[in-house]
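Coordinate-derived values only; no laboratory data. Note that this is a predicted model, so its numbers are computed, not measured. Neighbour counts are summed over all protein chains in view; Cβ atoms, including those assigned to glycine, are modelled from backbone coordinates with ideal geometry.
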Amino acid sequence: MLVAGCSHDMSDREYCTRRQMGWEMAFPNLTLADADRSRFVESCVANLARSHEAGELERSIRCMNEHLRGHGHAYEQYVAFTRCEVVDPSRPR
């Protein structure tokens, strides 16, 4: 379950794991093997290094906390999350 409003600083790994969980909840028919999930998280963590200075990660975390609530329709939440963040900081540049 995704929990909104985390008051602690979110590590890059936690962010990437929550992002992946949100995607998997939004698209339950598109299953991933554990190895694929791990590769996504590792790639995401590596890509986030460039997102800290640009403020993209901070914005994405705010959007994540606002929209990925863990209850309700996961697809609608994920779409709202990605629209809010504008730039996906987990993607390679």
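Using a simple spin-label model with pseudo-atoms 7 Å out from Cα toward Cβ, V79 and D9 lie 3.6 nm apart.
Over the chain, DSSP H runs of length four or greater, each weighted -39,500 (n - 2.57), average out per residue to a 222 nm ellipticity of -19000 deg cm²/dmol. Spread over its residues, the convex hull of the C-alpha atoms of the chain is 92 Å³ per residue. Counting alpha carbon pairs within less than 8 Å and at least 6 residues apart, what relative contact order, in whole percent, applies to the chain? The normalised contact order for the chain reaches 40 percent.
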